[in-house]
Amino acid sequence: MNWMQLPSTKRRIEFFGPSTHPSRSMKGRLFALLTALLTGATLGQAASQLPLSIETLSAKADGVVHGRIIRLSCQRDDQGRLFTKVRLQVIEQVKGRQGGEILTVVQGGGMLGRRIARSPLQPRYKVGTEVVVFVVFNSRGEAVTLALNQGKFDVARQPETGLATVRNPFHGLAKRDDLRAVVKRALGQAKPLTLAELKRRVRRTAK
């Protein structure tokens, strides 16, 4: 795309009418429309997934690891497809054999230069974040996140008390600005889930 051919900001604003600024009512309608579209997309994604219980995830997982993301590395395979290696500093091996202080999780897609390949149902990993990951090992012995985004729980700590809570698309409280909260409320799953409770349920299933 030739950025020099884009319409000026002034021309785009004039679309709203003779005034140089769109009205508040117009802004409100546009915001409501955008929210409805995004909510519909989120609900559609959730509808395409079968929610898995923590016990089901625990039973299917080869390993469950509590850790912190320390590095993301996107590469190309022999066919030119993107894949990402996610390196976790292990805090605790909740299920499975301890494989060392670092766990590497591999998933398809990623961002390399200007090229982006990503599925909306893939888990999003970010350096510096604390997570609990449910993994299975493929035929090459590589750890892969179980059940796409359901196999990754984000850990959040309350600044006042230090209490650690967890969330994934179907368990735990969603962030206030996360449209998946709509899905959770619709499914009756908008309840807090502590890190300690998640680990307890994993260990109980593993017995």
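The values are calculated or read from the model by the stated rules, or taken from the named source; none is laboratory data. Please read these numbers as outputs of a predicted model, since none were measured by experiment. Virtual Cβ from ideal backbone geometry, glycine too; neighbours counted across all protein chains shown.
The residue that is surrounded by the fewest Cβ atoms within 10 Å (Cβ to Cβ), counting only those in region 50-106 that are among the hydroxyl-bearing types (Ser, Thr, Tyr) and assigned to a strand (DSSP E or B), is Ser73. Among the residues of region 107-134, the ones that are assigned to a strand (DSSP E or B) and of a type in the set (D, E, K, R) come to 2 in all. The residue pairs whose first member lies in region 105-119 and is under 24 Å from Val136 (Cβ atoms), whose second member is in a loop (DSSP other than H, G, I, E, B) and among the basic types (Lys, Arg), and whose beta carbons are closer than 6 Å, counting only pairs six or more residues apart or on different chains, are Gly109/Arg118. Within region 158-198, the set of residues being of a type in the set (D, E, K, R), surrounded by fewer than 14 Cβ atoms within 10 Å (Cβ to Cβ) and either more than 19 Å from Arg124 (Cα to Cα) or at pLDDT 95 or above (or both) comprises Glu160, Arg185, Lys191. For region 145-155, the set of residues classified as under 13 Å from Leu198 (Cβ atoms) and either surrounded by fewer than 18 Cβ atoms within 10 Å (Cβ to Cβ) or of a type in the set (D, E, K, R) (or both) consists of Lys152, Asp154, listed by residue number. Consider region 101-151 and keep the residues that are touching a helix residue (DSSP H, G or I) at 6+ places or on another chain (Cβ under 8 Å) and of a type in the set (A, V, I, L, M). The one that is farthest from Asp77 (Cα to Cα) is Val132.
Of all residues in region 118-131, exactly one satisfies the criterion of being at pLDDT below 95 and surrounded by 15 or more Cβ atoms within 10 Å (Cβ to Cβ), namely Gln122.
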